[in-house]
Amino acid sequence: MCGIVGYIGSRNATPILIEGLKRLEYRGYDSAGIAIINKKKSLKIFKEVGKIIELERSLPTPAETFGKTGIAHTRWATHGEPNLKNAHPHADENKKIAVVHNGIIENYKKLRKKLETKGYNFSSDTDSEVLAHLIEYFNRTEKNLTLAVQKALKLVEGTFGIAVINEENPNQIVAARKGSPLILGIGNNEFFIASDVAAIIIHTKKVIYLQDGEMVTVDKDKFELTTLENQAVKAKISEVDWQVSAIEKGNYDYFMLKEIFEQPISVENAFRGRLNEKLSTCRLGGLSMSGEELRKIKKIQIIACGTSWHAALIGEYLIENLARVSVEVEYASEYRYRNPIIPADTLVFVISQSGETADTLAALREAQARGAKVFGLTNTIGSTIARESDGGVYIHAGAEIGVASTKAFTSQVTVLTLLAVILGRMKDLSPTFGAGFIKELKQIPQKIQQILDNDEKIKQIAETIKDSTNALYLGRGINYPVALEGALKLKEISYIHAEGYPAAEMKHGPIALIDENMPVIAIALKDAIYDKIISNLNEVKARNGRIITIATEGDEKIKEISESVIYIPETIHSLHPLLSVIPLQMLAYHVANLRGLDVDQPRNLAKSVTVE
Ligand code: G6P
């Protein structure tokens with residue numbers, strides 16, 4: 001999704017902005033641009049469709065692009081095609097004020113019409129351009145960019161994270177947010193604006209997360225934080241705890257591959273300090289509920305999108321099975337527009353890696369508006385969901401840059417497993433179960449490593465399916481959502497159509513698709529329903545389907561029905577997903593890579609979807 005970077009200080013802004021935009025590439029975009037105020041105090045705008053590298057190549061000489069104040073943007077088209085005129089920054093007609101905008105101005109048509117009747121000419125199809133003209137309109141009388149921005153934003157309905165510069169005051173950037181994340185980075189006699197810390201952490205780790213309805217006026221040597229109504233706000237400076245290496249690929253070809261291989265550590269980080277060996281249970285400090293309150297819970301709703309939604313489905317199996325509490329999993333985008341029933345004693349969880357997904361945030365607010373207590377499960381400290389929820393748990397997966405989520409998923413599942421055990425231990429689960437669970441969980445990182453060590457074999461299997469046009473993923477019970485996640489990974493990055501199905505449900509439809517060309521990737525682990533899934537796979541075999549199985553180490557029999565087998569180490573049933581998903585992530589990665597695709601930035605997708 002769209003990204004914002006801004007710089008003001010004594011260095012040349014252009015390379016800093018370009019570097020910042022590159023750090024935001026992972027979020028997904030289709031065009032990019034920068035605006036700087038150059039040495040002659042003149043506003044210059046450079047834009048390009050496509051990758052940042054194209055923008056960089058198109059820039060004139062360094063002398064022409066030198067400026068100490070600038071803003072930049074990556075655009076992910078919502079209103080208007082991804083072309084040059086629609087790329088940001090947008091400017092007023094005299095090219096004195098430039099604006100970059102994330103979010104959507106819902107009443108832009110009305111505002112545009114009004115401005116047009118006043119004689120304003122528009123040069124793009126975007127909703128964002130109205131901001132440039134509106135700010136210019138108010139600046140004519142205010143002669144003060146901060147006040148002009150405030151007046152303009154008063155008329156705006158929708159969401160925004162914006163940064164604005166004006167050549168008449170070359171040493172100033174004004175930035176504001178409502179519904180779209182924005183950060184002020186504080187450097188050494190320099191300041192940064194960004195929609196995502198990744199854009200600026202090579203320069204500073206000292207940041208202020210702007211809250212909704214806040215704005216900041218940044219001058220060369222000072223900044224002033226206020227509300228959009230011009231009330232002073234006390235600044236709370238936070239320290240970003242990411243290492244710069246977290247946003248570098250290191251020796252890996254792609255972030256996704258790096259993140260897949262980080263899972264032994266990221267899963268451990270998700271449970272570190274959260275195991276209570278003495279009482280054979282787990283703890284999640286952020287839950288902030290007493291045992292008594294937790295025992296009273298009759299129902300849990302989990303709301304999420306995409307991969308996080310798949311983690312939620314696994315949470316449903318775990319919590320219902322271990323804690324015997326009824327769980328309902330909802331798509332955030334649906335939840336917000338229906339009339340959800342939240343009975344008394346219901347606990348609502350929202351899961352979001354980014355903590356910024358617009359639909360999930362809206363669902364959180366809807367549940368709160370109905371009086372529910374909402375907990376957030378996020379990866380991003382200071383994110384809007386983390387701030388707005390009534391309590392919550394960080395998954396501590398570290399920066400996830402690859403658009404296709406991998407390590408965040410296993411960390412989400414780890415935390416949901418801890419939650420299920422906590423609730424279960426308050427009810428029927430025995431201390432023996434709790435102790436056995438903890439012992440097994442501690443071995444998971446090393447077992448994930450064992451699967452990762454099998455990379456070459458998984459790559460060979462990927463080679464055999466890389467030219468397929470369709471693929472079917474099957475699983476049962478707790479591994480059914482894992483099949484959904486495996487299918488999602490494949491389609492996201494390889495563009496092969498893939499579907500996940502409960503294995504037994506296959507005979508009610510997808511079986512019609514089975515022939516000798518259709519790879520069927522099945523999770524068939526040794527558990528209570530092993531024989532059942534083998535029967536389902538025999539139905540595939542009888543129709544000449546190609547079967548690739550994810551099987552438990554030592555299961556020789558499964559070779560009889562499989563074209564290939566990927567073995568994973570044995571573990572207890574509740575922890576299966578943490579292992580069974582790993583080969584599916586690796587398979588998707590290798591298929592996409594063998595097809596020559598950009599694994600980290602798949603077409604049309606965005607890392608964090610901050611619009612509806
Ligand atoms: C986008 C991403 C997915 C992600 C989903 C939910 O669609 O491409 O990878 O699962 O958003 O994101 P969240 O940050 O809320 O987990």
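The values are calculated or read from the model by the stated rules, or taken from the named source; none is laboratory data. Small disclaimer: the values here were computed from a predicted structure and weren't measured. Cβ sites come from the backbone with ideal geometry, for glycine too, and all protein chains shown count toward neighbours. Heavy atoms of the whole protein, side chains included, go into the accessibility calculation; ligands, DNA and RNA do not. Shrake-Rupley method; radii C 1.70, N 1.55, O 1.52, S 1.80 Å.
Quick one: Karplus J couplings for the stretch 163-169, per residue in order, coefficients 6.51, -1.76, 1.60, θ = phi - 60°, nearest Hz, x for Gly and Pro?
Coupling constants for the stretch 163-169: 9, 10, 10, 9, 5, 6, 10 Hz.
Which residues does a label at R324 reach in the stretch 409-446, if reach means a backbone N under 20 Å from a point 7 Å past the Cα toward the Cβ?
417-437, by backbone N distance to the label point.
Given the -39500 (n - 2.57) contribution per DSSP H run of 4+ residues, what per-residue ellipticity at 222 nm results for the chain, rounded to the nearest 500 deg cm²/dmol?
Values: 19 runs with 210 residues, N = 612.
When only DSSP H runs of four or more count, the value is -10500 deg cm²/dmol.
If you count the DSSP beta bridges with both ends in the stretch 250-449, what percent of them are antiparallel, to the nearest 5? List each step's numbers first, then the result.
Details: 2 of 23 bridges.
Around 10 percent of the beta bridges assigned by DSSP in the stretch 250-449 are antiparallel ones.
To two decimal places, what compactness ratio does the stretch 382-497 give when its Cα radius of gyration is scaled by 2.2 N^0.38 Å?
Relative to the rule-of-thumb radius for its length, the stretch 382-497 sits at 1.32.
Probe radius 1.4 Å, ligands and nucleic acids ignored: give me the carbon and sulfur share of the accessible area of the chain as a rounded percent. Present the calculation step by step, with values, prior to reporting the outcome.
Details: 11380 of 23600 Å².
Carbon and sulfur atoms account for 48 percent of the accessible area of the chain.
What are the principal axis extents of the Cα atoms in the chain, in Å, biggest first?
Here the spans come out as 78, 55, 44 Å, largest first.
Order these peptides, 131-139, 603-611, by their mean beta-carbon neighbour count within 10 angstrom, highest first.
Working: 131-139: 24.6, 603-611: 18.8.
Ranking, from highest mean packing down: 131-139, 603-611.
Strictly greater than 14 Å: what percent of every Cα pair in the stretch 176-243 meets that?
Values: 1234 of 2278 pairs.
I get 54 percent for the Cα pairs in the stretch 176-243 exceeding 14 Å.
What are the residues whose amide H is under 5 Å from the amide H of T281, where those residues sit 5 or more places off or on another chain and H is modelled from the backbone?
N276
Find how much the distance from K206 to V244 grows on full extension, using 0.36 nm per residue of separation minus their present alpha carbon separation; answer in nm with one decimal. Provide the component values of the computation, followed by the final result.
Working: separation 38, 0.36 × 38 = 13.68 nm, distance 1.34 nm.
Length difference between fully extended and current span is 12.3 nm.
Keeping every protein chain present and rolling a 1.4 Å probe, give me the accessible area per residue for the stretch 250-449 in Å².
Numbers: 7320 Å² over 200 residues.
With all protein chains present, the stretch 250-449 gives 37 Å² per residue.
Going by a ≥ b ≥ c, the root eigenvalues of the Cα gyration tensor, does the stretch 250-449 fall in the rounded group (a/c under 1.5), the prolate group (a/b larger than b/c) or the oblate group? Write out the running numbers ahead of the final one.
Numbers: a/c = 1.95, a/b = 1.08, b/c = 1.81.
Oblate, since a/c reaches 1.5 and b/c is not below a/b.
Going highest first, how would you order 228-239, 278-289, 182-193 by mean Cβ packing within 10 Å? Write out the running numbers ahead of the final one.
On the way: 228-239: 11.4, 278-289: 15.5, 182-193: 21.4.
For the peptides 228-239, 278-289, 182-193, the packing ranking is 182-193, 278-289, 228-239.
Which order do peptides 152-161, 390-399 fall in by mean Cβ count within 10 Å, highest first? Before the final figure, lay out the partial values.
Working: 152-161: 19.2, 390-399: 21.6.
Ranking, from highest mean packing down: 390-399, 152-161.
Would you work out which of L416, Y495, A367 lies farthest towards the positive end of the dipole of the chain? Charges go on Cβ: Lys and Arg +1, Asp and Glu -1.
A367
Would you mind checking K249/K459; K39/K607; K407/K507 for any pair whose Cα atoms are more than 31 angstrom apart?
Working: K249/K459 20 Å; K39/K607 36 Å; K407/K507 33 Å.
Long pairs (Cα-Cα over 31 Å): K39/K607; K407/K507.
When N counts the residues of the stretch 454-600, how does its alpha-carbon radius of gyration compare numerically with 2.2 N^0.38 Å, as a ratio?
Numbers: Rg = 13.7 Å, N = 147, 2.2 N^0.38 = 14.7 Å.
The reported ratio for this selection is 0.94.
What pairs from K278/K298; K109/K491; K442/K526; K51/K178; K41/K154; K489/K541 go past 31 Å between their alpha carbons? Display every interim value, and only then the final one.
Working: K278/K298 27 Å; K109/K491 36 Å; K442/K526 20 Å; K51/K178 28 Å; K41/K154 29 Å; K489/K541 25 Å.
With Cα atoms farther than 31 Å apart: K109/K491.
From a point 7 Å beyond the Cα of R603 in the direction of its Cβ, which residues of the stretch 480-516 have a backbone N at a distance under 19 Å?
Only 488-499 pass the distance filter.
Rounded to the nearest 5, what % of the DSSP beta bridges within the chain are antiparallel ones?
Antiparallel: roughly 60 percent of the beta bridges in the chain.
Please list, or write none, the aspartates and glutamates whose alpha carbon is within less than 18 Å of the alpha carbon of K222, excluding same-chain residues fewer than 8 places away.
Filter leaves E190, E214.
Name the long-range amide H neighbours of Y473: under 5 Å, sequence gap of 5 or more, or other chain; modelled H, no Pro or chain starts.
E499, G500, Y501, I521
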